[in-house]
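Have a look at the structure below before the remarks.
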Amino acid sequence: MNIDFVLTLYAAAVAGLAVFGLHRLCLLLLYARVRRSVPPPAAAVDDEATPRVTVQLPLYNERYVATRLVLATARLDHPRDRLRVQVLDDSSDDTTARLERLIRRLRRMGYDIEHVRRPQRTGFKAGALEFGLQRTDTDFVAVFDADFVPAPDFLRRTLPHFADPAVGMVQSRWGHLNRECSLLTRLQAVFLDGHFHVEHVARNRTGRFFNFNGTAGVWRRQAIVEAGGWEHDTLTEDLDLSYRAQMHGWRFVYLDDVVSPAELPEDMNAFKAQQHRWAKGSAQTALKLLVRVLRAPLPLPVKIEAALHLTSNFTYVLMTGPVLLWVPTLASGVADDDPRMLLLAGTMGATTTFVLAYYLTGQRAAGQRVWVTVCELPAMLALGIGMSVNNARAVLEALAGHQSPFLRTPKSGGHGDGTATGSFDRFAYRLRARWHTWLELLLAGYFVFGLVVAARAEKWVALPFLLLFLFGFLYVGLGSLGRRTDGLLRVGSVVAGVAMLGALIWVSTEMLARWP
């Protein structure tokens, strides 16, 4: 293979990744500027003026968590005569029978709760929310997914912000019920904390667009209607509606101090299904709305941020370039101190540093011990690399116009004290490994070959990155087959992390020595 051609492809992918790495840096700078400028608390709503609210609970085959969610909703601190609960139940298993018994009991206790069964599951979650919206006339609608446990004061703390008639949606922050269940759940918490603590704060407090996260938020009904309602032509109906509403002039509010605890996927295939849906849905939304956003009469910073936000999952496609081309580059005989290689390595190092700083900032804001996060950063990078096949496939499916059903994330009903239920091994909704699991394991073997190539060519600086790729794909692939591989990733990420630190120091020294 022609080395100049390989390096050109490599450089193009790295340049694309660098753009999104700089985007993370910009979000960090925006966050640093506004993190102390906390919005003033909204005035408490007088009991006489308390608005009527409908709480929508879209469910599909959730026998482990449906009861927990409904009971938590019943405990919301809101006048009963002004609170309506819609259990939007599309289930095809015994979840429906369990809910029927519970809802009958709650209705006898005086709760206004409705068990809504649609004749067909058209439109999946978006279709259920739109169906429920047509059956209620309240001015405000709250939404909770099955794995959430809303706090009793949720409505008390969110509704006052609608005193501003321009506010169309209020989003709360996600908490993590089972954060300490496993290494996988801890790494997911790191990813989500960065999104909520850094991204949402930076975007919302600087006037950029941000999105409703599909749950743990309250909508003004008028904002939904004026934006065109819930549409199901993408897998991320929440992102789609959010952008349409904000382009229509509605303002959103993010409350970082209002936490809605939820359950993280404990199974690798469940996590992959969730990430596939999010990646594909955001790419579909970008194809649907990006041109409209760029043509809208919006400030240029808002347009730029929106474009990068909507296309952020394209990084998984770009990531496959450096990942797959690393071994051919090593085999080509290009010297480690070749200026082109140093530039590419330096760019990747800077991009990775921005991403890591972003997640470290999120963990600090979440009150987590930073040194623990630092130790797990290599594992986080390995997981991100291992997920690249799953998520790149999702983006490519969106670009190809391939339609797929809304595959919801299975939940196991983990305890709120951070421990697992112990019943997950008998979990009826466990997803099976798919064909691309074997591709992930094949790539793990490919990087074993890459280690041999690097060692024979004495390309020692490449070894830590190859180890990271190897352990990432091995962790995701074996995890998809039901193997317990937390220990493998812990050991591998420590070894790769120490070696990577040494490699980055060497690259930085070489680049400084050659600086004119």
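Some observations on this one:
- With respect to the conditions (1) of a type outside the set (Ser, Thr, Tyr); (2) in a helix (DSSP H, G or I); (3) at pLDDT 80 or above, residue 432 lacks only one, and its number is (2).
- Checking each residue in the range 367-391 for being outside any helix (DSSP H, G or I) and more than 27 Å from residue 281 (Cα to Cα) picks out 367, 368, 369.
- Test for residue 306: is it touching a helix residue (DSSP H, G or I) at 6+ places or on another chain (Cβ under 7 Å), in a helix (DSSP H, G or I), surrounded by fewer than 16 Cβ atoms within 10 Å (Cβ to Cβ) and touching a residue at least 40 places away in the same chain (Cβ under 8 Å): no
- Those residues of the range 229-262 which are part of a strand (DSSP E or B) and touching a Leu at 6+ places or on another chain (Cβ under 7 Å), in sequence order: 261, 262
- The set of residues from the range 210-228 being in a loop (DSSP other than H, G, I, E, B) and within 23 Å of the chain's Cα centre (by Cα) comprises 210, 211, 212, 213, 214, 215, 216.
- Residue 203 being more than 26 Å from residue 71 (Cα to Cα), in contact (Cβ under 8 Å) with a residue 12 or more places away in the chain and of a type outside the set (Ser, Thr, Tyr): yes
- Exclusive hit being assigned by TED's automatic domain parsing to the domain that holds residue 262 and under 25 Å from residue 408 (Cα atoms), set 159, 106, 129: 129
- Among the residues of the range 174-202, the one identified as over 30 Å from residue 485 (Cα atoms) and either assigned to a strand (DSSP E or B) or acidic (Asp, Glu) (or both) is 199.
- Checking the range 56-77 against the condition returns no match, with no residue being of a type in the set (Asp, Glu) and surrounded by fewer than 12 Cβ atoms within 10 Å (Cβ to Cβ).
- Within the option set 55, 14, being touching a Lys or Arg at 6+ places or on another chain (Cβ under 9 Å) and hydrophobic (A, V, I, L, M, F, W, C) holds for one residue only, 55.
- Residue check for residue 367: more than 17 Å from residue 322 (Cα to Cα), among the small types (Gly, Ala, Ser) and either free of Cβ contacts under 8 Å to residues at least 60 places away in the same chain or buried (at least 21 other Cβ atoms within 10 Å of the Cβ) (or both): yes
The values are calculated or read from the model by the stated rules, or taken from the named source; none is laboratory data. Because the structure is predicted, anything quoted here is derived from the model rather than measured. Cβ atoms come from the backbone with ideal geometry, glycine included; neighbour counts cover every protein chain shown.
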